[in-house]
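Please treat every number below as a calculation from the coordinates, not as lab data. Everything quoted here is computed from the prediction, not taken from an experiment. All Cβ positions, even for glycine, are placed from backbone atoms using ideal geometry, and neighbour counts span all protein chains on display.
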Amino acid sequence: MKVFSIAMNTFREAIRNRVLYLLLFFALIMIGSSRILSMLTVGDESKIIKDLGLFSISLFGVLLAVFIGVGLVSQEIERRTIYNILSKPIYRHQFLFGKYLGLLLTILITIGIMAAEFLPLVYLKTGSWEFSLIWGVVLIFFEVVIITAFAILFSVFTTPILSSVFTLSVFVVGHLSRNFLILRDRVTSPIAKWLFTILYYLLPNLENLNIKTQLVHHLPIPPEFIPFAIAYSVTYAAVVLFIATLIFQRRSFV
């Protein structure tokens with residue numbers, strides 16, 4: 001119940017944030033402009049609309065997680081409202097988890113609005129509802145689930161600017177993590193091989209949640225892929241939140 005109350009309070013704060021509406025505005029503009037861009041470029045117009053639409057939902061979903069998520073804890077500290085909150089019978093892990101769920105609810109609704117524009121746009125071009133694209137949107141949300149957990153983690157021990165840089169870095173590296181295996185095979189130093197192996201398994205592999213290419217080009221997706229991707233996202237986010245809780249438990253606000 002306490003987690004639910006904090007989550008709903010965080011949701012109400014988030015929907016009053018002007019950054020939310022600014023990013024949503026640009027996201028809808030970018031998705032809508034994919035129809036025009038597809039006519040100006042060479043290639044299958046429907047594939048360009050789907051590719052650009054999914055990319056826009058992913059990009060702005062992550063930006064929402066970063067620019068709103070990194071301020072969730074730091075703003076409470078700056079306003080000194082965290083003293084009142086923690087003086088009440090609320091555990092710190094409940095506070096963090098409530099903040100996390102409130103932000104995820106905000107992002108879920110925002111991604112839903114973007115998808116509500118994207119799917120009819122594809123229908124207008126192809127003349128058929130491609131409901132398989134919904135799975136692409138679902139996995140984009142679960143990618144944001146991981147990124148939001150990192151935004152919460154960094155926000156408990158550093159400034160909003162550094163948290164934004166670190167979280168965006170995780171997003172970029174997460175999509176390039178397979179390159180660590182390539183580097184491991186090319187270097188000769190045992191220490192470097194060990195380091196690249198550790199980085200590969202330690203950092204999130206966000207390509208595990210990426211099926212945009214398969215959806216755009218109608219390539220087959222193994223039936224176990226999506227359940228595995230969702231389980232991977234939830235498990236990874238839970239570990240990151242656990243680490244964030246450990247750090248937050250040790251912070252002193254006296």
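Any chance you could check the Cα centroid distance between the range 79-120 and the range 202-251 for me, in angstrom? Centre-to-centre distance over Cα atoms comes out at 19 Å. Kirkwood hydrodynamic radius computed over the range 179-233 comes to 13.1 Å, based on all pairs of distinct alpha carbons. Over the chain, Cα pairs under 8 Å with separation of 6+ residues give a relative contact order of 25 percent.
Helices meeting the span-like rule in the chain (full DSSP H runs, Cα extent of at least 27 Å along the helix axis, mean Kyte-Doolittle score of 1.0 or higher): 18-40, 45-69, 92-126, 133-155, 225-250.
Rg then Dmax, both in Å and based on the Cα atoms of the range 41-184: 18.4, 61.
The eigenvalues of the Cα gyration tensor, multiplied by 5 and square-rooted, give the range 79-133 an equivalent ellipsoid with semi-axes of 42, 10, 5 Å from largest to smallest. A compact globular protein would have a Cα radius of gyration near 2.2 N^0.38 Å; the ratio found for the range 1-110 is 1.38. Toward the positive end of the charge dipole of the chain, with +1 on the Cβ of Lys and Arg and -1 on the Cβ of Asp and Glu, the farthest Cα among 230, 150, 172 is that of 150. Each stretch of four or more DSSP H residues adds -39500 (n - 2.57); spread over every residue of the chain, this sum gives -26500 deg cm²/dmol at 222 nm.
Cross-link partners of residue 88 among lysines, defined as those whose alpha carbon lies under 26 angstrom from its own and excluding same-chain residues fewer than eight positions apart: 2, 99. For the range 34-137, applying the loop criterion from DSSP together with a ceiling of 12 other beta carbons within 10 Å to the trypsin sites (Lys or Arg not before Pro) yields 79, 80. Short-range pairs are left out: with C-alpha atoms under 8 Å and at least six residues apart, the relative contact order of the range 1-126 is 48 percent. Between the residues 240, 63, 109, the greatest Cα displacement towards the positive end of the dipole of the chain, with unit charges on the Cβ of Lys, Arg, Asp and Glu, is found for 240.
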